[in-house]
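Notes to accompany the following structure.
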Amino acid sequence: MILGTAGHIDHGKTSLVRALTGVDTDRLPEEKRRGITIDLGFAPLHLDGIGTVGVVDVPGHEAFVRTMVAGATGVDLALVVVAADEGVMPQTREHLAILRLLGVHAGVVALTKSDLVDEEWLALVREDVRSALGGGPFAEAELVAVSAMTGAGLDALRSALSRAAAGVPSRGSDDLFRMPIDRAFTIRGTGTVVTGTVWSGALARDGALRLYPSGEMVRVRALQAHGHAVEHISAGERAAVALSGVDLSLVGRGAVLVSGDAWRASTVMRAEVSLLADAARSLGPRSRLRLHLGTSEVGARVVPLGGTVEPGEPVPVRLVVDEPIVSRAGDRFVLRGGSPVETIGGGIVTDPLAPRRARAWKGGVASPSSSLRQFLDESGSGGLRLADLPVRLGVARSALDALLAEAAAWRVADRAYAADARDAIGEQIHVALSRHHAANPLASGVQRQWLRTRIRAPEPAVDVVLEQLAAEGVIVAEQGEVRLAGFSPQLTERQRGFADALLTRIAAASVEPPTLEELAAGLQADSLELTAICRVLSREGALIAVESNRYYTPSSVSELTERLAKGMVAGADYGPAELRDFLGLTRKFLIPFLEYCDRVGYTIRNEVGRRRRGTELAKP
Ligand SMILES: Nc1nc2c(ncn2[C@@H]2O[C@H](COP(=O)(O)OP(=O)(O)OP(=O)(O)O)[C@@H](O)[C@H]2O)c(=O)[nH]1
Ligand SMILES: [Mg+2]
């Protein structure tokens, strides 16, 4: 569990953390010199009945609110610190707003420096604080008067924190590992070390990780949780990870460590955004803001549905960020902008991996099952990558099967499709085949590979639908070709005329028929069209292609093979001259015909010449 401080500058956050934990989290020389917190500080705190809680101490200075956001992200429990002598101040309010935007619900308010005020004043400050908390998640939070100076109230504060912590649901570690990095440094002999709060999942010391935004694989050298070497770290822990061979410049605040192949960095997201009730402005159609998500901070363009976001009601938006970031459905973020820069609102990611041209998503913050239905419908016959879904839906991988079954999704290979995608792909296949048949009436079918390229769907899904259509008898798939059942090449009247002429001329030429080009010249026809007609005739068995451009009648082929059968004795080899004598063909016809015989298995070719294969030669 992680506890984060919040509160105005100089209100005593760091002093209180030290009084509670014994750790001075202001470790930078500049922090010492100026007496303020500049960067995040960390310390372990033991809470009775809870165990060790990781404390993140944040700066209160208005110039460091972005650092506060990076510290507050991933916090389970807030320690809101208000100095009793000053009461509620601007960053008290801003930090409270940020905690609310980040979804931090549990917390305790410490009215510190109580040694500086009397009871009457303290009562006024209590009222002041109550009204500042009103309506927010901390409206019912316990208020405890303390002093870091005298130690007064510290025990009461500890027990109040334990009570608040007891109500925080524990984060399951049966999930994808993610740790946004908030600090990176080098330790001599160990190398690059990064620290952060584990948001989800667990990581073992021998685990493989990916580092985003670069996406590169990294290896873990050592792990620490709350300052001790450990074998694994898990959700809700402050952890340090020593990485093998990673350059320090790649792992600053804003980078994130994740495991598995489910995560991807993206620049287009969909979200629901709301502006703080007291935000001075509304958001226009393409407002430019700073987006804080996890520990990353990037420039973002917000494109609201309906054009604008007014303070108050949440509005669906499309978010386009300047640099790729890793996010997950359900992630909370903070938006800052204006000059001077201030926190103006925030929101919840509804689609971290939005399609490139996706518009703001009307679905809003929905349940994983309704998000899944939306995404399936949107993806059409393209389908969704299964590996993306735990991130895109914000659920553990183990929850996927049930969600997909509930949505009646159709799963093929590594994707899931809407149930009606099958029909849509079937329809596309039907259209593509019909068009092809119409445009190529003499072609026996469509090459399967070519057909796949015409269908806008991943190949495995197309193949499954083809199998199904074949099983249903809608199409016929054979020898790498596909056609609609009932389709057969049809010759037109004119082509039938050519076919008769071809058959007559080829038959008349007996064992030395003309080529297609010669026939085309003689008939004044197009040789491509004649080729198509000859293919149809050869499928009908009326012609045989001995060469690619020379067709024989079956009776001429039989006559020639009979001549061979007469001449060749089984088991003997014959050279071309002898074979020519048997066949009585000129060289121009001889070699192609012998190659045809080899091809169809009448003869076998070896180094010496050709020999008859078996006895089938005798009766072709
Ligand atoms: N009298 C009194 N002074 C306190 C108490 N707590 C803190 N201070 C003083 O208040 C000043 C600011 O304290 P810090 O703990 O640095 O305040 P902070 O909230 O961490 O400040 P930032 O991190 O810069 O926002 C210091 O001079 C502390 O000595 C307290 O309980 N009583
Ligand atoms: Mg401080």
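The values are calculated or read from the model by the stated rules, or taken from the named source; none is laboratory data. Remember, predicted model here, so these are calculated numbers, not experimental data. Methodologically, a virtual Cβ is constructed for each residue, glycine included, from the backbone with ideal geometry; neighbour enumeration extends over all protein chains shown. Side chains are part of the model used for accessible areas, which takes the heavy atoms of the whole protein and leaves out ligands, DNA and RNA. Shrake-Rupley method; radii C 1.70, N 1.55, O 1.52, S 1.80 Å.
For segment 234-255, name all the residues that are within 20 Å of Thr186 (Cβ to Cβ) and open to solvent by less than 10 Å² (accessible area, probe 1.4 Å).
Passing the criteria: Ala239, Val241, Ala242, Leu243, Val251, Ala255.
Is it fair to say Ala70 is open to solvent by less than 20 Å² (accessible area, probe 1.4 Å) and away from ligand 1 (no atom under 14 Å from the Cβ)?
When the stated conditions are applied, Ala70 passes them.
Considering (1) of a type in the set (A, V, I, L, M); (2) open to solvent by 50 Å² or more (accessible area, probe 1.4 Å); (3) over 28 Å from Leu384 (Cβ atoms); (4) touching a residue at least 40 places away in the same chain (Cβ under 8 Å), say which one Val464 fails and leave the rest.
That leaves (3) as the condition not met.
How many residues are more than 18 Å from Arg221 (Cβ to Cβ) and part of a loop (DSSP other than H, G, I, E, B) if we restrict to segment 238-268?
7
Name the residues in segment 129-160 that are assigned to a loop (DSSP other than H, G, I, E, B), in contact (Cβ under 8 Å) with a residue 24 or more places away in the chain and among the hydrophobic types (A, V, I, L, M, F, W, C), would you?
Phe138, Ala141, Val146, Ala148, Met149, Ala152
Of the residues in segment 62-74, how many are closer than 14 Å to Pro180 by Cα, β-branched (Val, Ile, Thr) and assigned to a helix (DSSP H, G or I)?
Residues flagged as closer than 14 Å to Pro180 by Cα, β-branched (Val, Ile, Thr) and assigned to a helix (DSSP H, G or I) within segment 62-74 amount to 2.
So if I check each of Val81, Val104, which one is closer than 21 Å to Thr67 by Cβ, more than 39 Å from the chain's Cα centre (by Cα), crowded, with 21+ Cβ neighbours inside 10 Å and in contact (Cβ under 8 Å) with a residue 12 or more places away in the chain?
Just a single option satisfies the conditions, and that option is Val81.
Would a scan of segment 100-110 turn up a residue that is within 16 Å of ligand 2 (Cβ to nearest atom) and not hydroxyl-bearing (Ser, Thr, Tyr)?
So far as segment 100-110 goes, yes, one or more of its residues are within 16 Å of ligand 2 (Cβ to nearest atom) and not hydroxyl-bearing (Ser, Thr, Tyr).
Matching residues to (1) open to solvent by less than 50 Å² (accessible area, probe 1.4 Å); (2) under 47 Å from the mean Cα position of the chain (by Cα):
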site: Arg100; (1), (2): no, yes
site: Ser114; (1), (2): yes, no
site: Glu119; (1), (2): no, no
site: Val129; (1), (2): yes, yes
site: Gly135; (1), (2): no, yes
site: Ala141; (1), (2): yes, yes
site: Ala145; (1), (2): yes, no
site: Leu157; (1), (2): yes, yes
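Is it the case that some residue within segment 75-98 is closer than 23 Å to Arg178 by Cβ, in contact with a strand residue (DSSP E or B) (Cβ under 6 Å, 6 or more places away or on another chain), outside any helix (DSSP H, G or I) and within 15 Å of ligand 1 (Cβ to nearest atom)?
yes
Quick check on segment 15-29: of everything there that is among the hydrophobic types (A, V, I, L, M, F, W, C) and more than 9 Å from ligand 1 (Cβ to nearest atom), which residue is surrounded by the most Cβ atoms within 10 Å (Cβ to Cβ)?
Top of the filtered list is Leu20.
Please list, ordered by first then second residue, the pairs with beta carbon atoms under 6 Å, 6 or more apart or interchain, first in segment 1-30 and touching a residue at least 40 places away in the same chain (Cβ under 8 Å), second of a type in the set (Lys, Arg) and assigned to a helix (DSSP H, G or I).
Thr5/Lys13; Gly7/Lys13
Output the residue which, of all residues in segment 29-56 that are in a loop (DSSP other than H, G, I, E, B) and within 11 Å of ligand 2 (Cβ to nearest atom), is nearest to Ala106 (Cα to Cα).
Per the stated criteria, the residue is Leu40.
Mind checking which residues of segment 30-54 are within 12 Å of ligand 1 (Cβ to nearest atom) and touching a Leu at 6+ places or on another chain (Cβ under 7 Å)?
Ile38, Asp39
Taking segment 1-14 as the region of interest, how many residues are crowded, with 21+ Cβ neighbours inside 10 Å and within 14 Å of ligand 1 (Cβ to nearest atom)?
9
Looking at segment 404-423, which of its residues are assigned to a helix (DSSP H, G or I), open to solvent by 20 Å² or more (accessible area, probe 1.4 Å) and in contact (Cβ under 8 Å) with a residue 24 or more places away in the chain?
Residues satisfying the conditions are Glu406, Arg422.
State yes or no: is Arg448 in contact (Cβ under 8 Å) with a residue 60 or more places away in the chain and among the basic types (Lys, Arg)?
no
For segment 425-445, how many residues are surrounded by fewer than 17 Cβ atoms within 10 Å (Cβ to Cβ), in contact (Cβ under 8 Å) with a residue 40 or more places away in the chain and farther than 23 Å from Ser538 by Cα?
2
Here are some residues: Val218, Val230. Which one is buried (at least 16 other Cβ atoms within 10 Å of the Cβ) and either farther than 24 Å from Gly54 by Cα or among the charged types (D, E, K, R) (or both)?
Val218
Please pick out the residue among Arg178, Arg126, Arg171 that is out of contact with any His (no Cβ under 9 Å at 6 or more places or on another chain), basic (Lys, Arg) and free of Cβ contacts under 8 Å to residues at least 40 places away in the same chain.
Answer to the selection: Arg126.
Taking into account only those residues within segment 292-325 that are assigned to a strand (DSSP E or B), in contact (Cβ under 8 Å) with a residue 60 or more places away in the chain and under 20 Å from the mean Cα position of the chain (by Cα), which is nearest to Arg183 (Cα to Cα)?
Ranking the qualifying residues of segment 292-325, first place goes to Ser296.
Are any residues in segment 55-64 away from ligand 1 (no atom under 11 Å from the Cβ) and closer than 27 Å to Gly299 by Cα, and if so, which ones?
Val56 - this is the single residue of segment 55-64 that is away from ligand 1 (no atom under 11 Å from the Cβ) and closer than 27 Å to Gly299 by Cα.
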